[in-house]
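Undergrad: Before I ask anything, let me first share the structure, which is written out below as structure tokens.
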Amino acid sequence: MSVSTRSLLRAGWFVSIAGALGIRAWNALTGPLIYGYDVWGHLSYIFFLDVYRSTPYADQGWSYFHPPLHYWLGWLLAQSGNSEFLLRGLCLLGSGMSLGTAALAAWFTRIGLPERRGLPLVAFTIVAFLPVHLYASPFPGNEMTATFMGSAVIALFAWNEARAEPRLWGDLGTGATAGLALLTKFSGLIPLLAVIVVLGWKILRPGTTRPLRARVAIRACAILLPALLIAGPYYVRNVVEFGTPFKLSRDLPLVASIESIQPQISRSVWDFVRIPPSLFVDSYPGADHMMKSVWGSAYVNVWSDNFGASQLLTLRKRPKGDTLPAGHPLRPARGTLQPLATLLTLTGVIPTLLAFFGGAVAARGMLRRRGDGTDTLALVLGGGTLASFALFVWQVPIWSSMKATYLLNASVPFGYLVARGLGAL
């Protein structure tokens, strides 16, 4: 690499990091203090920890479907005794976790594509400036903490896999991180399953020798054991109380009442195929064309805050096909920035197509390496995240289930695949 290329690369890193850090600091320190998805529930959890000095029982509040790790961090901030310090601290915590996720995307790309020194910068930049990361970063909820922990699982595993001989202590570290991810959100299960699927393929693929199968099986146990030891007690508690480790919130009367006032959608396979062009000019999530397009709605919410949860940019307007009547409690105020939403969603087409192209390139690389390498990890985690999202949307057919924050586990794969596609071009 020439001196001029190195200088250009350093300048690119400086601009990208400074911009990503500056935007997050501005949003966290100057934005609204109380906003985001289910903000009062998240804050109440922290207040409970502060008042009672104890994690809630399984049948108290959100405790059965929101593991406590993120809220323990919030409790530490609450010890200052200053409410604004707590709220700004939560905003900065989420912002830091988001920036850390972008750094993990760059590290993952560096591991998988070590000969292309500029591609980690591409991965970092696309994740750091992805609108869903920017508007969700200051949320006081557990979204970004869970995203960072899940991304750390896959990055640590990739780092250990890239060694000439993977180390057992590396697998133990991956498992411990997976346990912390599971203690942050249910979705922490997806990166763990992705790792186990990759190891399972190593065991089952044709031509694998018996000694190698034994070593890989030991590695899988080294990952699962600390994960179970760390997160197991929380989920065992749920099993004892409810008979299932992953109890959904839909059974809670309050959640059921909120869902009942949202229009119930009759889901069909066509909803996972339909992507109407009108979503670019009419992005209100309650519109009929948005509610009946799963991937279209998710795409718009990735590239613009069309749910208006951040209160920083309201990118919605009341569409002609709005299914929520006037005065409905879930109808948001009419927005004025639909042209900006259109610009953002149109701009997002380019990196999205690059990611799909990168996925095709990665699939070819996966076949050549017989399932080894970061290509396989990115495809398995990305595909698993999309599949879990589709299953959730199918089971919960309301418009609020299509929020892009449910796709944040795919942050590292997305950054990697965009870089992979760009590198292939």
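Undergrad: Which of the residues that make up segment 188-222 are within 24 Å of Pro245 (Cα to Cα) and outside any helix (DSSP H, G or I)?
TA: Across segment 188-222, there are no qualifying residues.
Undergrad: Another question about this same structure. Leu156: touching a residue at least 24 places away in the same chain (Cβ under 8 Å), open to solvent by 10 Å² or more (accessible area, probe 1.4 Å) and assigned to a helix (DSSP H, G or I), yes or no?
TA: no
Undergrad: What is the residue count in segment 171-187 for residues that are open to solvent by 10 Å² or more (accessible area, probe 1.4 Å) and either touching a Cys at 6+ places or on another chain (Cβ under 7 Å) or in a helix (DSSP H, G or I) (or both)?
TA: Total meeting the criteria: 8.
Undergrad: Now a separate question. Have a look at Lys317, Lys292, Lys247 and point out the one that is at pLDDT 85 or above and charged (D, E, K, R).
TA: Testing whether each residue is at pLDDT 85 or above and charged (D, E, K, R) leaves just Lys292.
Undergrad: Let me ask something else about it. Give me a count of the residues in segment 385-404 that are touching a residue at least 24 places away in the same chain (Cβ under 8 Å), touching a Phe, Trp or Tyr at 6+ places or on another chain (Cβ under 7 Å) and part of a helix (DSSP H, G or I).
TA: Of the residues in segment 385-404, 2 are touching a residue at least 24 places away in the same chain (Cβ under 8 Å), touching a Phe, Trp or Tyr at 6+ places or on another chain (Cβ under 7 Å) and part of a helix (DSSP H, G or I).
Undergrad: Restricting attention to segment 24-81, which residues are of a type in the set (S, T, N, Q) and open to solvent by 50 Å² or more (accessible area, probe 1.4 Å)? Show your work before the answer.
TA: As a first pass, look at segment 24-81 and keep what is of a type in the set (S, T, N, Q): 27, 30, 44, 54-55, 60, 63, 79-80.
Thr30, Ser44, Ser54, Gln60, Gln79, Ser80 - these are the residues of segment 24-81 that are of a type in the set (S, T, N, Q) and open to solvent by 50 Å² or more (accessible area, probe 1.4 Å).
Undergrad: OK, next. Please give the number of the condition Ala362 fails out of (1) over 19 Å from Thr405 (Cβ atoms); (2) open to solvent by 30 Å² or more (accessible area, probe 1.4 Å).
TA: Every condition holds for Ala362 apart from (2).
Undergrad: Report every pair of residues separated by at least 6 positions or lying on different chains whose Cβ atoms are under 7 Å apart, first residue within segment 16-27 and touching a residue at least 12 places away in the same chain (Cβ under 8 Å), second of a type in the set (Phe, Trp, Tyr) and open to solvent by 30 Å² or more (accessible area, probe 1.4 Å).
TA: Ala20/Phe129
Undergrad: What do you reckon, is Pro245 over 25 Å from Asn409 (Cα atoms), open to solvent by less than 70 Å² (accessible area, probe 1.4 Å) and in a loop (DSSP other than H, G, I, E, B)?
TA: No, not satisfied.
The values are calculated or read from the model by the stated rules, or taken from the named source; none is laboratory data. Everything numeric in this text was worked out from a predicted model, so none of it was measured. A quick note on method: Cβ atoms are made from the backbone with ideal geometry, for glycine too, and the neighbour counts reach across all protein chains shown. Quick note on the areas: whole protein, heavy atoms, side chains included, nothing else; ligands and nucleic acids left out. Shrake-Rupley method; radii C 1.70, N 1.55, O 1.52, S 1.80 Å.
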